[in-house]
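Student: Let me begin by handing over the structure; questions about it come next.
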Amino acid sequence: MTPVIGKEERIINAWHSGWEADPEMTVSEWADERRILAGEGSVEPGKFRTSRTPYLKEIMDSLSPSSPVREVKVMKGTQLGFSEAGNNLIGFIIDIAPGPTAMYMPTEDKAKEHAEFKLNPSINATPVLREKVVNVKGKDAKNTILMKKFKGGFLLLSTAASAAALSSLSIKYLILDEIDRFKRDVGGEGNPVSLAQKRTDAFKSVCKIYKLSTPTEEGLSNIEHELINSDRRRYYVPCPYCEWMQHLTFKGISFEKNNKHELTSDVYYRCEHCNKLIEEYYKTSMMDYEVAEWRPQNPGHEHRGYTLPSFYSPVGWLSWSDIVKEWLEAQRTRDKTQLKTVINTRFAELWTEGEKTVNENTLTGRREKYGPEIPANAVILTAGVDIQVDRIEVEIDAWGVGEESWGLEHKILSGDPVRQQVWKDLDEYLMRLWKHELGPSFPVSGVAIDTGYLTQQCYTFVKPRQLRRVFGYPQKVFAIKGHGDPLKPFLNRATRNNLAKVNLFTLGVNTAKDTLHGRFNIHEPGPGYVHHNFTFDEEYFKQVTSEVRKRRKGARVWEAKPGARTEGLDLKVYSLAALGLLNIKIEPLVELLQERVRQYKQSGDPAIKQREDPRVPVPERKRGRRMISRG
């Protein structure tokens, strides 16, 4: 009978295995010989080929036991194959060089997602791994989704957000994924990157530490700090015409655009030496590791550091044209958050915060007349609702192409929200019709209500109104709650973990305020510009500009000035959230507005007629949805 090995003995065995002789095979050799990419979750299923992403070869081989390198650090763009490189390292460890291994991710949900959709399929698709890992599939799989056991070692997948998870075991192989999304401080015990690295102290002379991330903001980025402490390598590729070696940057991308920031030409790379335009299909031969090379900018450092933007993404994945279109869209909309995303995740560059906080007098002085209520270029209305002790405050905004916005009204509904009357007043207000400059009237389409105060009363109001008709027009009312994590995306998936079973959407309010302050600093009407009419008073603008950005625990967050009220800024955030949660494209609504105007001119206002007779139809938009990410 085979004896049962206890947890302590497994750990001791794994620890001793860390001191066995290093294998000569490298991670890239193992991947080319044995790794199979699963059909699920892989762009190109089948046998893994390092030649498809040749820039990964040196990185993977530096993580091999035969290499003297102990730490590998990567600041990267997206769509480059680094997830599969990490899975190759894990597969190599399981099959060739077993030992105690840990992979930390920003959250437990991310760790579970990686295990379920990336790692488990990888193990199941690769025969040499499938036969060595216990309970990858079967009735006990759920119990081991974050712990993989194999002869001579284990793999722990966990969150870097828990001090306990970062201090439990001695580790030989450590993978820290997306470290710029880690919390800055865990349980008051310090930076999670440093805490996790201490787990390798017992294996100091033989450990392998792999840190990687898309970057975030200059001065706040973990991967920036790590790259400074490395040899800082760039991937140099030869020009197919003159063979001049160069690393790819956005400065070298060549294209033409019109005055609407639309791409009007093919996209090339201009050689910095011979000035010839390089077609993108040359990228495959240019990146071949027989001719390309990683060159250190800080030679001699013991740690390897690599920077790789998405311009190197293999042909057939993310194209230069795709990146340029994203860049132009960010320029067109003048959306600071969108621009930051392109710079961080495509250019693999740090975001530099250069904008100043807007002054209340600037916004007050920009007030203007438009209307009668809704200006000509606006096509949809949203509302942000804030519940206070003795009142309910509402802001109504109109939106046009490029999320140009017009404030229509800041309304204060007096009354105790514990009682019903003020809620009735709110309901009546949300159902009112607003007159468009071109003729027709229509109501608010999306409403976001903050549920942080009097939560159950908010749920009671929202639940029957999550989707309803107001004089023939659809209106959605959303329950929202702000979250102060500076790294949290603006809009997040809904949860229903409440007694009322209402969809509750969490907002990354710091991200939203970054977006709004970026828009406040736009000085010419157009995409992203924020208009206000004269119904907004000076007190409102004091509230909108009531917060300043401060550094707290290694992150920049928005904080209220001493004694300042913030309702105006909160309402602006909620109204913007309502627009995002509607999950629609604004451009097609222009055509719908034109149809409403035609109907108005031919037979009168459809909304007014529908209010009088519910059987009268109103024009509706054609179906078509998009996913919106504001992170």
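Student: Looking only at region 505-559, how many residues end up being free of Cβ contacts under 8 Å to residues at least 24 places away in the same chain and surrounded by 17 or more Cβ atoms within 10 Å (Cβ to Cβ)?
Tutor: Result for region 505-559: 1.
Student: Let me ask something else about it. For region 431-447, state whether one or more residues are out of contact with any Cys (no Cβ under 8 Å at 6 or more places or on another chain), polar (S, T, N, Q), within 28 Å of residue 585 (Cβ to Cβ) and without any contact (Cβ under 8 Å) to a residue 60 or more places away in the chain.
Tutor: Checked against the condition, which is being out of contact with any Cys (no Cβ under 8 Å at 6 or more places or on another chain), polar (S, T, N, Q), within 28 Å of residue 585 (Cβ to Cβ) and without any contact (Cβ under 8 Å) to a residue 60 or more places away in the chain, region 431-447 yields no hits at all.
Student: Would you point out which residue out of 570, 514 is under 29 Å from residue 462 (Cα atoms) and at pLDDT 95 or above?
Tutor: Checking each option against the conditions leaves just 570.
Student: Can you give me the number of residues within region 40-96 that are part of a helix (DSSP H, G or I), under 26 Å from the mean Cα position of the chain (by Cα) and among the aromatic types (Phe, Trp, Tyr)?
Tutor: 1
Student: Right, another one. Can you pull out every residue in region 204-232 that is in contact with a Pro (Cβ under 6 Å, 6 or more places away or on another chain) and farther than 30 Å from residue 488 by Cα?
Tutor: Selection gives 231 alone.
Yes/no matrix, rows are residues, columns are (1) touching a Cys at 6+ places or on another chain (Cβ under 7 Å); (2) modelled with pLDDT under 95:
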position: 247; (1), (2): no, no
position: 255; (1), (2): no, no
position: 258; (1), (2): no, yes
position: 261; (1), (2): no, yes
position: 265; (1), (2): no, no
position: 275; (1), (2): no, no
position: 278; (1), (2): yes, no
position: 294; (1), (2): no, no
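Student: Does residue 402 satisfy the condition of being modelled with pLDDT of 95 or more and within 32 Å of the chain's Cα centre (by Cα)?
Tutor: no
Student: A follow-up question, please. Quick test for you: out of 64, 51, 42, 83, pick the one residue that is among the polar types (S, T, N, Q) and buried (at least 21 other Cβ atoms within 10 Å of the Cβ).
Tutor: Criteria check complete, one pass: 64.
Student: Conditions first: (1) in contact with a Phe, Trp or Tyr (Cβ under 6 Å, 6 or more places away or on another chain); (2) under 28 Å from residue 527 (Cβ atoms); (3) touching a residue at least 60 places away in the same chain (Cβ under 8 Å); (4) in the same structural domain as residue 474 (by the TED database). Residue 378 passes all but one, so which condition is the exception?
Tutor: Answer for residue 378: the failing condition is (3).
Student: Which of the residues that make up region 300-321 are within 21 Å of the chain's Cα centre (by Cα) and assigned to a loop (DSSP other than H, G, I, E, B)?
Tutor: If the condition is that a residue be within 21 Å of the chain's Cα centre (by Cα) and assigned to a loop (DSSP other than H, G, I, E, B), then 309, 313, 317, 318, 319 are the ones that fit.
Student: Can you tell me which residue is farthest from the chain's Cα centre (by Cα) among those in region 280-299 that are farther than 24 Å from residue 209 by Cα and among the acidic types (Asp, Glu)?
Tutor: Per the stated criteria, the residue is 290.
Student: Now for a different question. If residue 426 satisfies every condition in (1) surrounded by 20 or more Cβ atoms within 10 Å (Cβ to Cβ); (2) over 29 Å from residue 330 (Cα atoms); (3) touching a residue at least 60 places away in the same chain (Cβ under 8 Å) but one, which is the exception?
Tutor: (3)
Student: Across region 466-477, which residue is farthest from residue 583 (Cα to Cα) among those that are in contact (Cβ under 8 Å) with a residue 40 or more places away in the chain and not in a strand (DSSP E or B)?
Tutor: If we take residues in region 466-477 being in contact (Cβ under 8 Å) with a residue 40 or more places away in the chain and not in a strand (DSSP E or B), then 471 is farthest from residue 583 (Cα to Cα).
Student: Let me ask another. Condition first: touching a residue at least 60 places away in the same chain (Cβ under 8 Å) and buried (at least 18 other Cβ atoms within 10 Å of the Cβ). Now tell me which residues in region 341-359 satisfy that.
Tutor: If the condition is that a residue be touching a residue at least 60 places away in the same chain (Cβ under 8 Å) and buried (at least 18 other Cβ atoms within 10 Å of the Cβ), then 341, 344, 345, 346, 347, 348, 349, 350, 351, 358 are the ones that fit.
Student: Residues that are in contact with a strand residue (DSSP E or B) (Cβ under 8 Å, 6 or more places away or on another chain) and over 24 Å from residue 544 (Cβ atoms): which helices (runs of 4 or more DSSP H) entirely in region 349-465 hold 3 or more of them?
Tutor: 455-462
Student: In the set 462, 447, which member is surrounded by 22 or more Cβ atoms within 10 Å (Cβ to Cβ), out of contact with any helix residue (DSSP H, G or I) (no Cβ under 8 Å at 6 or more places or on another chain) and assigned by the TED database to the domain that holds residue 550?
Tutor: Going through 462, 447 in turn, the sole match is 462.
Student: Also, I was wondering about something else. Only one of 122, 170 is surrounded by 20 or more Cβ atoms within 10 Å (Cβ to Cβ) and not aromatic (Phe, Trp, Tyr); which?
Tutor: Only one candidate passes the filter, namely 122.
Student: How many residues are modelled with pLDDT of 95 or more and surrounded by fewer than 18 Cβ atoms within 10 Å (Cβ to Cβ) if we restrict to region 475-484?
Tutor: 1
The values are calculated or read from the model by the stated rules, or taken from the named source; none is laboratory data. On a predicted model such as this, the values are computed, not experimentally measured, just so you know. We place every Cβ from the backbone using ideal geometry, glycine too, and count neighbours over all the protein chains shown.
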